[in-house]
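Below is one structure; the comments refer to it alone.
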Amino acid sequence: MKKIIVLGLMLAALQGCGLREPMSAEQDTETPTLTPRASTYYDLLNMPRPKGRLMAVVYGFRDQTGQYKPTPASSFSTSVTQGAASMLMDALQASGWFVVLEREGLQNLLTERKIIRASQKKPNTPVNIQGELPPLQAANMMLEGGIIAYDTNVRSGGEGARYLGIDISREYRVDQVTVNLRAVDVRSGQVLANVMTSKTIYSVGRSAGVFKFIEFKKLLEAEVGYTTNEPAQLCVLSAIEAAVGHLLAQGIERRLWQVAGDNSPDTNATLDRYLTQNKVDPEGQGE
C-alpha cells in the first residue's frame, strides 16, 4: 500500500512539473520542415507596399560580439549564428521593398561569368550562353551592420518545493541578442537610417525527483527532468526582421522612400505600431 501511495505521489509531482510525456535520449526522426517564423516575419508581409522597390546590396552582416559558448562546449563554437547575412537578405526580400543583389558571393559570380565568356569563344557553344552577358546591376543602397551584442544571464532564477522526499523544481535563464542595421546611400555614403533591435532568448529547465524509504533498508529513488532552450538562431532572425521593419518605418516617416499611391501609411496598423515604438524608444529597440 505504501508503494502505491509513493508512486502516485511521484506521478502527481511529475505532472505538476509539466512532464506529460516521457523524454528519452533517442527521439523519433522528423522530416525536414520550413523554418518556423515569428510575428516579426508577418509584420514585414503586412507593411504597406512600396511605390518602387529599392536596389540594395549586403556585403556582410557579421557577428561582432566575439562571444563563444561557455565550457564545457568547444572554445571554437560561437554563441550566435555566422549566417546572419543570409537571414538579412531573406528578410529584405520578404518585405517586398527591396531588390537584393548578390554581393556576398560576388567573387563566385564573377568567376562564373568569366567561364561563360571563355565558353562563348569555343565552337558548338550551347544556345543558352551564346548571348552577350549584360553588365551587373548597380545598387543605390547598401545595408550594413551586424550582431553587436550577446549578453548571457540577463535574468535567472527558479522555484521548487520538497515534501516527504518528493521534490519538484523549475529554473530559467534569459539571454539577449542585439543587432544593428543601417541603410547607406551608395552615391554619397550618408547613413540614411539606423536602428538597433534586441531579442531575448529563454532557457527553462524542469525536474522532479523522489527519495524515500518505502520499507526498512529499501530505498526508492527516482529523478526525471528536461530543459527547453529557445533556438538562438531563430531569435537572431526575429531581431533582424524587426530591424528591417523599423528601418522601413523610419524611412517612410522621414520620406526617404514612399509607399504606393493606393496604400496610405495612416491606415496601416503594422506601420503605425512600428512608428509608435520608434517614438517611445528613439533607438528603435524592441523584441
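Name the residues in the range 117-137 that are within 29 Å of Ala193 (Cβ to Cβ) and surrounded by 10 or more Cβ atoms within 10 Å (Cβ to Cβ), would you?
Scanning the range 117-137 gives Leu136, Gln137.
Suppose we filter Val184, Val210 for residues that are closer than 30 Å to Gln67 by Cβ, part of a strand (DSSP E or B) and not hydroxyl-bearing (Ser, Thr, Tyr); which single one remains?
Checking each option against the conditions leaves just Val184.
Six or more apart or on different chains, Cβ under 7 Å: which pairs go from a residue in the range 91-102 that's without any contact (Cβ under 8 Å) to a residue 12 or more places away in the chain to one that's surrounded by 15 or more Cβ atoms within 10 Å (Cβ to Cβ) and hydrophobic (A, V, I, L, M, F, W, C)? Could you list them?
Pairs found: Gln93/Val100.
Which pairs have Cβ atoms under 9 Å, sit 6 or more apart or on different chains, and link a residue in the range 113-142 that is farther than 26 Å from Met55 by Cβ to one that is in a helix (DSSP H, G or I)?
Ser119/Ile129; Gln120/Ile129; Thr125/Ser119; Pro126/Ser119; Gln130/Gln120
Here is a yes/no grid of residues against (1) in contact with a Phe, Trp or Tyr (Cβ under 8 Å, 6 or more places away or on another chain); (2) crowded, with 16+ Cβ neighbours inside 10 Å:
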position: Val186; (1), (2): no, no
position: Val191; (1), (2): no, no
position: Met196; (1), (2): no, yes
position: Ile201; (1), (2): no, yes
position: Ala239; (1), (2): no, yes
position: Ala249; (1), (2): yes, yes
position: Leu256; (1), (2): no, yes
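Does Gly205 meet the test of being over 22 Å from Ser77 (Cβ atoms), among the small types (Gly, Ala, Ser), surrounded by fewer than 19 Cβ atoms within 10 Å (Cβ to Cβ) and within 29 Å of the chain's Cα centre (by Cα)?
no
Consider Tyr42 against the criteria (1) crowded, with 16+ Cβ neighbours inside 10 Å; (2) among the hydroxyl-bearing types (Ser, Thr, Tyr); (3) at pLDDT 90 or above: it satisfies all of them except one. Which criterion is unmet?
Failed condition: (1).
Among the residues of the range 213-236, which ones are touching a helix residue (DSSP H, G or I) at 6+ places or on another chain (Cβ under 9 Å) and part of a strand (DSSP E or B)?
Ile214, Glu215, Leu220, Ala222, Val224
Filter the range 101-130 for residues that are closer than 30 Å to Met87 by Cβ and in a loop (DSSP other than H, G, I, E, B) and give the result.
Across the range 101-130, the qualifying residues are Glu102, Arg103, Glu104, Gly105.
Regarding the range 58-75, can at least one residue be identified that is among the small types (Gly, Ala, Ser), touching a Lys or Arg at 6+ places or on another chain (Cβ under 9 Å) and touching a residue at least 12 places away in the same chain (Cβ under 8 Å)?
Yes, the range 58-75 contains at least one residue that is among the small types (Gly, Ala, Ser), touching a Lys or Arg at 6+ places or on another chain (Cβ under 9 Å) and touching a residue at least 12 places away in the same chain (Cβ under 8 Å).
The values are calculated or read from the model by the stated rules, or taken from the named source; none is laboratory data. Source: prediction; values computed, not measured. Note that each Cβ is placed from the backbone with ideal geometry, even for glycine, and that neighbours are counted across all protein chains shown.
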